[in-house]
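Contents: one structure, followed by commentary.
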Amino acid sequence: MDEMTNKNVEVDQFMAALDHPQKETIEYLRAAVLGSDPGITEHVKWKAPSFLRGGEDRVTFQLRAKKGVQLIFHRGARVKDDRADFRFSDESGLLAWLSSDRATAIFQDLDDAKANEEAFVTLVRSWVNT
């Protein structure tokens, strides 16, 4: 993958110090998220890399998952007033819904991330622009 210009040095330092069995998968997915939309930026929030669009957190790694690598798809830290009316169509089938406006995607390993990269990038692009 190409080097992303929207990388954040804080996240680079976090990742350099990260001791995680799926570190390679996390870095791969990080690059996929950053490459999905030039308006996405990143920072460390909730002790993990988190990705923003328009200054609002939208996708965040959950690094305590027991199996694989988990990403939370959300609409910011606070529940939106329109939560009951929010609709999102996940054509990828990668999301498991936690509520009407919050979901997770889990990748078992690097091979799984690579096999689903195109669908994942499309999903992220669509999610952050909804």
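Each value in this text was obtained by applying a stated rule to the coordinates, not by laboratory testing. These numbers come from a predicted model, not from an experiment. Note that each Cβ is placed from the backbone with ideal geometry, even for glycine, and that neighbours are counted across all protein chains shown.
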Looking at (1) assigned to a strand (DSSP E or B); (2) over 21 Å from VAL121 (Cα atoms); (3) among the charged types (D, E, K, R), which is the only condition GLU10 fails?
-> (1)
Identity of the residue in the stretch 22-77, of a type in the set (S, T, N, Q) and assigned to a strand (DSSP E or B), that ends up farthest from LEU98 (Cα to Cα) = THR41
Please enumerate the residues belonging to the stretch 4-40 that are of a type in the set (Ser, Thr, Tyr) and buried (at least 17 other Cβ atoms within 10 Å of the Cβ).
-> THR25, TYR28, SER36
